[in-house]
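The values are calculated or read from the model by the stated rules, or taken from the named source; none is laboratory data. Values in this document were obtained by computation on a predicted structure and should not be read as measured data. Heads up, the Cβs are rebuilt from the backbone with ideal geometry, glycines too, and the neighbour counts pull from every protein chain shown.
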């Protein structure tokens, strides 16, 4: 089948009067012209703020449309989508996305120093880590500060122009009752230029503006006395003021913003860097991501963990845990250098002045605003004066009519129509047409004696107000005084304290601190309440005059180095290694044996059920070794042989049912070893009587126990030092910490006996007492504590070695000597 060809309609022939005209245009010229038009449109209509109100067109349109919609702070919230739709349909010839983005930013208290929109819902987070919810989910209304921006806009204070299609009118600028451009800053990228202005403190900016109003010739140095620098919504610290001064002089400059941090004990084992304020426009997720990347690339050392504990109640809290063995100050210095915890802010004060983009310094910005405010107040005063003059004209006419109200009524009643009545009243009383018409429109009920008094009061008030407005318009001094007082009222109502701290470069000079903690001498301490800690130096001496504080009984102390190890001996005969650097460090200014800054044993060691930590020991193989005693009266001196590649060792092989009750690191090997049993027997013998044994050995007989007796205490005492013995008695049926009497006796009252003998009696039981519940022997001065670590008093010394005890004022759980 043959295909039919499509018919084509021929082009019409040009008429006789048709004249062909082709214009040759260079494509370069066309592109240049079109691009310049586009650039001007972007600069003027989108990207740059007006220097008078500090608003970009989209921001100005949002605030004006919210004002027109009646979305005042005392009204209910409406969906953001409704506001965006109204702005887009009536004023802003662009998409909904840039309108909503601008609205969101004006609601963020971490972006604006004085937010202009009161948002309800998810409006994003610092650094845009959590983007805002869609406009259909969020709600908004005008913030109190927005009312200041549009205040008196209906009183012909600013010019209006046609919108994009000529169907509506919009303000060219807003009245702006405060210097919004300086207070909230601005940022935008146009074609060939950009603006980036930091926020400032409202109180400071208004103080500078008021000074400029009073002293128009004020220099920049004076103004900077009121505005020392930016005040960012997120706080932080500005380092160095040179860049700020450059920006205030020329409109261009830069400064560094640092996070606000503190070094705290964030866990029982670790110190950390706690960040409570970040640089402007930097969010915690950005910092965390950068830290993780640097740690993975091995460019940042000393970081153990990073946690974001930010919440609505406490605000920003970013915790950076520092590994043990690293100086937090040195790690912080690295963080400032390598992460967004220190950022630069480049100031570029570009704004529109009479439609032209200009780079302005601080004084120029204030001058443009002050001149704008003068113009607004002047136009407002003219408008108000005109309104009051019109009203006064009507009131005066009404008062004329009230003087002869009967004649007025007669004229009106005798007239054929309203026009005749109007003409007769004008002729009779010399009124104007406006006054006459107002009289005719006024109900008779208003023409009473009482209303005449009200009208006379209103007339006098209107004359007074007109006189005041005239003075403002005719006197430059009055105008300046009024503008200044209005600014002062705004500062008083909406001003807030400064959030950003300004620091000179010299104030932030950081001393060179090594990254890793030095391997300095220290001591490792164990308290009666089960806390471990290390000292900041090689020794701590505490005498009788030391201030008594909680956790002040230290039951074991051994010398060590910061990056070394010590051993922890448990009741089951295990020796566990402790890394000294993992232990919390006590302050160097400690004046008493206070382990309140220590950490619980469970933070470092995993113990079995019913297993307790007995004492600490060095792992020095040149020492005289460790002496330990068991509940069944076995004693052992352990040969100091501790292989470095084993984290857990046995120091004794215990018999069934036996356990270690005490241990001590021997310093000379000439100490006396002491056993105290629960049936009040004390045995003292020289350590040299016990032959050192290897770790697997089971020890030798230490004290001969009576039937049903067991060892309460084992320790080592230097015979050359002043020492004492403490014993406390109770009843078999009472709780472990329920003591009735206690005795404190000098150590030299107890003679040495041979090893494996029964010793001598150390306390005589009173009626109701049948067992010792607590015993101790060691160097003095001795300190006592309750189970919670609170200080307790020891009884008065008793010279009798086998005397009975004295009643206790407070239950004692532990006794120890100086460390």
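Residues being assigned by TED's automatic domain parsing to the domain that holds residue 389 and in contact (Cβ under 8 Å) with a residue 40 or more places away in the chain are represented in the range 415-437 by at least one member. Residues in the range 120-157 that are closer than 30 Å to residue 378 by Cα, assigned to a loop (DSSP other than H, G, I, E, B) and more than 29 Å from the chain's Cα centre (by Cα): 151, 152, 156, 157. Within the range 181-190, does at least one residue satisfy the condition of being within 30 Å of residue 253 (Cα to Cα) and either part of a loop (DSSP other than H, G, I, E, B) or over 35 Å from the mean Cα position of the chain (by Cα) (or both)? Yes, because at least one residue in the range 181-190 is within 30 Å of residue 253 (Cα to Cα) and either part of a loop (DSSP other than H, G, I, E, B) or over 35 Å from the mean Cα position of the chain (by Cα) (or both).
Does the range 543-557 contain at least one residue that is modelled with pLDDT of 85 or more and touching a helix residue (DSSP H, G or I) at 6+ places or on another chain (Cβ under 7 Å)? Taking every residue of the range 543-557 in turn, none turns out to be modelled with pLDDT of 85 or more and touching a helix residue (DSSP H, G or I) at 6+ places or on another chain (Cβ under 7 Å).
Identification of strands (runs of 3 or more DSSP E) wholly contained in the range 243-306 with 2 or more residues that are out of contact with any helix residue (DSSP H, G or I) (no Cβ under 6 Å at 6 or more places or on another chain) and surrounded by fewer than 16 Cβ atoms within 10 Å (Cβ to Cβ) yields 260-265. When 671, 665 are screened for being under 26 Å from residue 760 (Cα atoms) and either touching a helix residue (DSSP H, G or I) at 6+ places or on another chain (Cβ under 6 Å) or free of Cβ contacts under 8 Å to residues at least 12 places away in the same chain (or both), only 671 passes. Taken over the range 119-134, the criterion of being surrounded by fewer than 19 Cβ atoms within 10 Å (Cβ to Cβ) and out of contact with any helix residue (DSSP H, G or I) (no Cβ under 6 Å at 6 or more places or on another chain) is satisfied by 120, 121, 122, 125, 128, 130, 131, 133, 134. Condition first: closer than 26 Å to residue 160 by Cα and either in contact with a strand residue (DSSP E or B) (Cβ under 8 Å, 6 or more places away or on another chain) or not in a helix (DSSP H, G or I) (or both). Can you find one or more residues in the range 383-395 that meet it? Looking for residues that are closer than 26 Å to residue 160 by Cα and either in contact with a strand residue (DSSP E or B) (Cβ under 8 Å, 6 or more places away or on another chain) or not in a helix (DSSP H, G or I) (or both), one finds none in the range 383-395, hence no.
Total residues in the range 407-428 satisfying the condition of being touching a helix residue (DSSP H, G or I) at 6+ places or on another chain (Cβ under 8 Å) and not in a helix (DSSP H, G or I): the figure is 1.
Taken together, the criteria place residue 574 among residues that are at pLDDT 90 or above, touching a strand residue (DSSP E or B) at 6+ places or on another chain (Cβ under 8 Å) and surrounded by fewer than 22 Cβ atoms within 10 Å (Cβ to Cβ). Kindly check whether there is at least one residue in the range 325-344 that is crowded, with 20+ Cβ neighbours inside 10 Å, more than 20 Å from residue 275 (Cα to Cα) and either touching a strand residue (DSSP E or B) at 6+ places or on another chain (Cβ under 8 Å) or modelled with pLDDT under 95 (or both). No, the range 325-344 contains no residue that is crowded, with 20+ Cβ neighbours inside 10 Å, more than 20 Å from residue 275 (Cα to Cα) and either touching a strand residue (DSSP E or B) at 6+ places or on another chain (Cβ under 8 Å) or modelled with pLDDT under 95 (or both). Residues of the range 163-172 include at least one that is closer than 30 Å to residue 32 by Cβ, touching a helix residue (DSSP H, G or I) at 6+ places or on another chain (Cβ under 8 Å) and either touching a residue at least 12 places away in the same chain (Cβ under 8 Å) or part of a helix (DSSP H, G or I) (or both).
Condition first: under 15 Å from residue 263 (Cβ atoms) and free of Cβ contacts under 8 Å to residues at least 40 places away in the same chain. Now tell me which residues in the range 273-305 satisfy that. Result: 303, 304. On the stretch given as the range 217-242, residues that are buried (at least 20 other Cβ atoms within 10 Å of the Cβ), over 25 Å from residue 127 (Cα atoms) and touching a strand residue (DSSP E or B) at 6+ places or on another chain (Cβ under 7 Å) total 0. Among the residues here, residue 395 qualifies as in contact (Cβ under 8 Å) with a residue 60 or more places away in the chain and either touching a helix residue (DSSP H, G or I) at 6+ places or on another chain (Cβ under 9 Å) or over 25 Å from residue 436 (Cβ atoms) (or both). Is it the case that the range 92-106 has a residue that's surrounded by 24 or more Cβ atoms within 10 Å (Cβ to Cβ), in the same structural domain as residue 194 (by TED's automatic domain parsing), within 34 Å of the chain's Cα centre (by Cα) and closer than 22 Å to residue 202 by Cβ? Checked against the condition, which is being surrounded by 24 or more Cβ atoms within 10 Å (Cβ to Cβ), in the same structural domain as residue 194 (by TED's automatic domain parsing), within 34 Å of the chain's Cα centre (by Cα) and closer than 22 Å to residue 202 by Cβ, the range 92-106 yields at least one hit.
For the range 762-811, the tally of residues that are under 44 Å from the mean Cα position of the chain (by Cα) and either surrounded by fewer than 19 Cβ atoms within 10 Å (Cβ to Cβ) or in a loop (DSSP other than H, G, I, E, B) (or both) stands at 6. Tell me, which residue of the range 736-754 that is crowded, with 18+ Cβ neighbours inside 10 Å and assigned to a loop (DSSP other than H, G, I, E, B) is modelled with the lowest pLDDT? So, considering only residues that are crowded, with 18+ Cβ neighbours inside 10 Å and assigned to a loop (DSSP other than H, G, I, E, B), the one modelled with the lowest pLDDT is 739. Residue 385: under 23 Å from residue 216 (Cβ atoms) and at pLDDT 95 or above, yes or no? When the stated conditions are applied, residue 385 does not pass them. Of all the criteria given as (1) crowded, with 20+ Cβ neighbours inside 10 Å; (2) modelled with pLDDT of 95 or more, the one not satisfied by residue 207 is (1). Of the candidates 602, 592, the single residue that is surrounded by fewer than 20 Cβ atoms within 10 Å (Cβ to Cβ), at pLDDT below 90 and not in a loop (DSSP other than H, G, I, E, B) is 602. Just one of the listed residues (350, 368, 322) is within 30 Å of residue 468 (Cα to Cα), surrounded by 15 or more Cβ atoms within 10 Å (Cβ to Cβ) and in contact with a strand residue (DSSP E or B) (Cβ under 7 Å, 6 or more places away or on another chain), namely 368. Taking residue 269, is it closer than 21 Å to residue 234 by Cα and modelled with pLDDT under 95? No; evaluated as a whole, the condition is false for this residue.
Residue-level analysis places residue 673 among those that are in a strand (DSSP E or B), surrounded by 14 or more Cβ atoms within 10 Å (Cβ to Cβ) and touching a strand residue (DSSP E or B) at 6+ places or on another chain (Cβ under 7 Å).
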